[in-house]
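Just so you know, all these numbers are worked out from the coordinates, no wet-lab data involved. Keep in mind it's a predicted model, so treat the numbers as computed, not measured. Cβ: placed from backbone, ideal geometry, glycine included. Neighbour counts: every protein chain shown.
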Amino acid sequence: MKASRLRSASEIIPNTHLILNSDSSVYHLAVTGDQIADDIWIVGDPERVPKISCYFDCIQVQLHRREYVLHTGLLKGKPLTVVSSGIGVDNIDILINELDGAVNVDPNTRQIRTTLRRLRFLRLGTSGTILPEIPIHTIVAARYSFAHDGVPLSYEAEMEAKEKELLTALKERVLTFDTTYVAQSSEELLQRYPIFDIQGITYTANGFYGPQGRSVRLHSKNEDWTHMQRFEWDGMRITNIEMESSGMYALASMLGHQALTCCVLLANRATQEFTDTPEQAVESLIQKAITAF
């Protein structure tokens, strides 16, 4: 997606639009621009941050505010930030906007900086596949992602040509809503992080239970994945379901950043199989990312 309107550099951003703490850090993350590396790995679980930063050469910054845990240091001599997002696109909206605000807005003048930093976001996550033939522990790169949450549609932006093409195909063959949107990953990051086994289209759900077809006491309307399982576009299938990628891709690209999600599959929803070794599967994903960095 691309922004159709951005705030001009001459405008002063109101206090209630970008809230800053007394130390000039952004409100929810409590981080300043000089504490953020250009390479940022995003995980959902706050406890997963130290599981990555323990491999750093050194840790220079450690912050914890709400569900956002952030560590910045050096890995292989190169600056890297690891931060937790919590769950869902609403948290991603806070995370991406505040990371961008911290590095690209002058806290003293409250104006956009003349020289903008371009951040590179790699999300290392967990997911479940809807295709019976894909084994658990497979690592999937979300080449495209679609969602119904509508958060990116709150901004003055529009989809790129290929995103519109995929959305049209989804509307023709897969049930969608008025708030459905499509967002594409960074081609550059796909080349930089060849840590995945397959590429595909990811469905970013706006909930873990009903929206993902899980029925506990309440019965979900979405248990039948047949329409998604049959879908194919541009040589790709709808491979998996998770809860953050579409929003991250859309917001990052609107702001001129890059984003990629690689998820290890812990579940196969078609065969009702769940891994017995989730921690080992996540550690394998982490190690592959470290090797590629």
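Considering segment 36-49, and only residues there that are buried (at least 16 other Cβ atoms within 10 Å of the Cβ) and free of Cβ contacts under 8 Å to residues at least 60 places away in the same chain, the residue that is farthest from T81 (Cα to Cα) turns out to be D45. Residues of segment 86-108 that are under 13 Å from S24 (Cβ atoms) and free of Cβ contacts under 8 Å to residues at least 60 places away in the same chain: D106 alone. Among the residues of segment 220-257, those that are part of a loop (DSSP other than H, G, I, E, B) and either polar (S, T, N, Q) or touching a Ser or Thr at 6+ places or on another chain (Cβ under 9 Å) (or both) comprise S220, N222, E223, M243, E244, H257.
In segment 88-105, the condition of being within 14 Å of the chain's Cα centre (by Cα), closer than 27 Å to P194 by Cα and part of a strand (DSSP E or B) is met by no residue. Whether a residue is under 20 Å from M254 (Cβ atoms) and surrounded by 20 or more Cβ atoms within 10 Å (Cβ to Cβ) was assessed, and I13 does not pass this test. Pairing residues of segment 172-186 that are touching a residue at least 24 places away in the same chain (Cβ under 8 Å) and more than 27 Å from L122 (Cβ to Cβ) with residues that are among the aliphatic types (A, V, I, L, M) and surrounded by 14 or more Cβ atoms within 10 Å (Cβ to Cβ), at Cβ distances under 6 Å and at least 6 apart in sequence or on separate chains, gives V174/M228; T176/L170. When you check L29 against the structure, is it in a strand (DSSP E or B), on the phi < 0 side of the Ramachandran plot and either free of Cβ contacts under 8 Å to residues at least 60 places away in the same chain or crowded, with 20+ Cβ neighbours inside 10 Å (or both), yes or no? When the stated conditions are applied, L29 does not pass them.
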